[in-house]
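K.L.:
I am attaching a structure below and will ask some questions about it afterwards.
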Amino acid sequence: MYFRRLIYIVLGILLSVSASFAAGTASPFSRYGYGEFQNPVSGALLSMGGLGYGMRTNRVINPSNPASYTSIDSLTFMMDLGVSGVIDGSKTAVGRNTQFAGNIDYVAFQMPLAEWAAISFGVNPLTVVGYEYKFTDTQPSYNYEDSLNVSQYFYGKGGITQVYLGLSFDICDRVAVGVNGRYLFGNIMHYREVTFPDEPLFNMTKYQNAVYVSAWECDFGIQYHQPIGEDDMLVLGGTYTMKLAMNNKTEITSTTNIKDFDDKSYEFDYPQTVGAGVSYLWNNRLLIGADVTWMELSKAKYYSQEGVFTDRFVYALGAEYVHNPLSKNYAEQMRFRLGANYSNSYVKVNGSDYNKWAISCGIGFPLPNTKTTLNLHLEYGQQGSVKNIGLVEQYGKIGIGVSLNERWFVKRRFK
């Protein structure tokens, strides 16, 4: 009972602290496109590089593949919640910038409907936008005799959030299928101010670009799970998300002496997405897995134009080790996780592509006599290059999550 109360206190603290955070990212790369795409998995799986498609476990909720929901115990109710903070350092040819940001990463619930069916629902960010930087450079003046110092200030916030409701069914002993219905909503705000510090007679120019998102989407998933011996398990998984025309509203405003307003109707698409993954559990101790994701962004319309983006590929590897989950020794019940992922950019910066990589690790601290786990997640990553695109970002992230696992659906017996 003491540990359960401690978990609830930790949850309250996490929610209170995260409510004061302004954005889920401080990356200057979130200025482009829809922002930084987020992985919808829990902190435990983020510690393993963000695996999800081939992961089938009754300890954490895995919305990235809805077929995984039937892995839940038929008497169990689950809740996952996680928050994180990130220290972001960016560097250009003319200077450095360091920022801090944080957010609630996910909230998810899962419960059985029958021995062969389960339901899950929750909310998590799909993309995040959060950046702020400024610089001053010299540009030729209008009379071609002198040069002007021009200061530019860039600021952005927002992103796309998704609320999902998922169902999963076992269609035979070894195969499960599932579907997530998702509602996407949010707004993406970009601001830019141009001033002339040495020319007081020149007016400031302000630009504001706002995109308001409201759309419905579906994910389909399948998993094949094959026991090998008594303690080994092989899982193959895949997902498919159809291309979707999103119901977006845009407002583009520029202000100098007069205010120009553009509220034309533009088309925006969510891209066709395919994911595949595999995992292998050895001796109920070592779990390893690999994932690959393909997002066909090159054919997704952005401001009514195709070909603005390039296709995005994400590769992930991860592992988890527990010495003995049934041991009475607490240290032998702890779960140690390690992972890495690599992806290419879906936008060009200064006319060039760039790549992103990250390594992660984590520890799962189990509560005694329960399946509830407190998860710690650490991640370090880098994207961009000063040489190729004039900008590089390095970040460190720490996340804390709780996987609450309770036996709710037990019939009480009274004598």
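K.L.:
Sort 207-215, 325-333 for me by packing, meaning the mean count of neighbouring Cβ atoms within 10 Å per residue, highest on top. Walk me through the numbers before you get to the answer.
P.N.:
Numbers: 207-215: 17.4, 325-333: 11.0.
Per-residue Cβ counts within 10 Å, averaged per peptide and sorted highest first, yield 207-215, 325-333.
K.L.:
What is the pair-distance distribution P(r) of segment 178-293, computed from all Cα-Cα distances in 5 Å bins starting at 0, with each bin given as a whole percent?
P.N.:
Once binned at 5 Å, the Cα pair distances of segment 178-293 give 2, 9, 13, 11, 10, 9, 9, 8, 7, 6, 5, 4, 3, 2, 1, 0, 0.
K.L.:
If we count every other residue with Cβ under 9 angstrom of ASN58's Cβ, Lys/Arg +1 and Asp/Glu -1, where does the sum land? All intermediate terms of the calculation are to be shown ahead of the outcome.
P.N.:
Values: positive: ARG56, ARG59, LYS371; negative: ASP73.
Net charge around ASN58: +2.
K.L.:
Sticking with this structure for a sec: From the cross-link list LYS299/LYS348; LYS157/LYS387; LYS134/LYS157, which pairs have alpha carbons spaced over 18 Å apart?
P.N.:
LYS157/LYS387
K.L.:
A follow-up question, please. Taking the Cα atoms only, what angle lies between the long axis of helix 2-18 and the longest principal axis of the chain, rounded to 10 degrees?
P.N.:
Long axis of 2-18 versus the principal axis of the chain: about 10 degrees.
K.L.:
What number comes out for accessible area per residue over the chain if the probe is 1.4 Å? Units Å², please.
P.N.:
For the chain, the solvent-accessible area averages 50 Å² per residue.
K.L.:
Can you work out the FRET efficiency for the pair THR250 and TRP408, with r the C-beta to C-beta distance and R0 = 30 Å, to the nearest 0.05?
P.N.:
So, using R0 = 30 Å, E works out to roughly 0.10.
K.L.:
Just the number: Rg to Rh for segment 306-415, Cα atoms, Kirkwood Rh, two decimals.
P.N.:
Dividing the radius of gyration by the Kirkwood radius yields 1.21.
K.L.:
Let me ask something additional. Of all the C-alpha pairs in the chain, what % are more than 34 Å from each other?
P.N.:
Here the long-distance tail beyond 34 Å is 35 percent of all Cα pairs in the chain.
K.L.:
Label-point separation (nm) for TRP282 and CYS218, each offset 7 Å from Cα along Cα-to-Cβ?
P.N.:
4.0 nm
K.L.:
Please report, in debye to the nearest 20, how large the charge dipole of the chain is about its Cα centre when each Lys and Arg carries +1 at its beta carbon and each Asp and Glu carries -1 there.
P.N.:
Numbers: 34 positive and 36 negative charges, 309 e Å.
Here the size comes out at about 1480 debye.
K.L.:
Report the net charge of residues surrounding THR239, where surrounding means a beta-carbon distance below 11 angstrom and charges are Lys +1, Arg +1, Asp -1, Glu -1.
P.N.:
-2
K.L.:
For segment 128-234, build the charge dipole from Cβ charges (+1 Lys, Arg; -1 Asp, Glu) around the Cα centre, then report which of GLY156, PHE220, GLY178 sits farthest towards its positive end.
P.N.:
Farthest towards the positive pole: GLY156.
The values are calculated or read from the model by the stated rules, or taken from the named source; none is laboratory data. Treat the numbers as computed from the prediction; the structure is a model and nothing was measured. Glycine also receives a Cβ, built like all others from the backbone with ideal geometry; neighbour counts cover every protein chain displayed. To get the accessible areas, we keep the full protein, side chains included, count just its heavy atoms, and leave off ligands, DNA and RNA. Shrake-Rupley method; radii C 1.70, N 1.55, O 1.52, S 1.80 Å.
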